[in-house]
Amino acid sequence: MTLRRRVTAGIVAGAVAALLVIVFLYALQWDGAAQAPAALFTLVAAALIGPAAYANPAAAAIGAGLIFVLAIGWALGYVYLCRTQPQLLARPFVSGTVFGVIVYIFTQIALLTAGLYHRPSPGLLGQELVGTLVFYGVPVARRAP
């Protein structure tokens, strides 16, 4: 497979998986208030620009863009890893789940570093893991070349 096709596959896989995660998180956090989904994106933006994000009206858009950029970056890394470790393509559900766990752990480390980490309740932890493993890791693994 050519480099161009690999990069395209990584971009598409990351964008699709990011969209799936966003829809999943919207479904979980939607309580009828128009602000609930925007709060998730503002939290993501706060990891990048700090507490000033909570006062920035563009923070939700920055957070949504950041989710897509990070998802595509991780997916491109997975596509590269598949090139060097072709056995990952043989079992996409298993490798995608493990990939999702790795992404989740590094996301938590990034939140800890930014001072935004909170210890999730067991229910929230389950939701976060399902979102990352089922709606991000496995779709990226299934779409990888």
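The values are calculated or read from the model by the stated rules, or taken from the named source; none is laboratory data. Everything quoted here is computed from the prediction, not taken from an experiment. Note: ideal-geometry Cβ built from the backbone for every residue, glycine included; neighbour counts use all protein chains shown. These area figures cover heavy atoms from the full protein model, side chains too; ligands, DNA and RNA do not enter into them. Shrake-Rupley method; radii C 1.70, N 1.55, O 1.52, S 1.80 Å.
Might you tell me the accessible area per residue for the chain, computed with a 1.4 Å probe and given in Å²?
For the chain, the per-residue accessible area is 58 Å².
Would you work out the charge dipole size for the chain about its Cα centre, treating the Cβ of every Lys and Arg as +1 and the Cβ of every Asp and Glu as -1, and quote it to the nearest 20 debye? Show your work: numbers first, answer last.
Values: 8 positive and 2 negative charges, 134 e Å.
The dipole of the chain has a size of about 640 debye.
Projected onto the charge dipole of the chain (+1 at Lys/Arg Cβ, -1 at Asp/Glu Cβ, origin at the Cα centre), which of 79, 133, 25 gives the Cα projection farthest towards the positive end?
79
Using Cα-Cα distances under 8 Å and only pairs 6 or more residues apart, what relative contact order does the chain have, in percent?
Values: 170 pairs, mean separation 54.1, N = 145.
Averaging sequence separation for qualifying contacts and normalising by length gives 37 percent for the chain.
Could you check the simple spin-label distance between residue 8 and residue 111, using points 7 Å along Cα→Cβ, in nm with one decimal?
Placing both labels 7 Å along Cα→Cβ, they lie 3.6 nm apart.
Tell me the mean residue ellipticity at 222 nm calculated for the chain from its helices only (DSSP H runs of n ≥ 4, each -39500 (n - 2.57), averaged over every residue, nearest 500).
So the helix-based figure for the chain works out to -25000 deg cm²/dmol.
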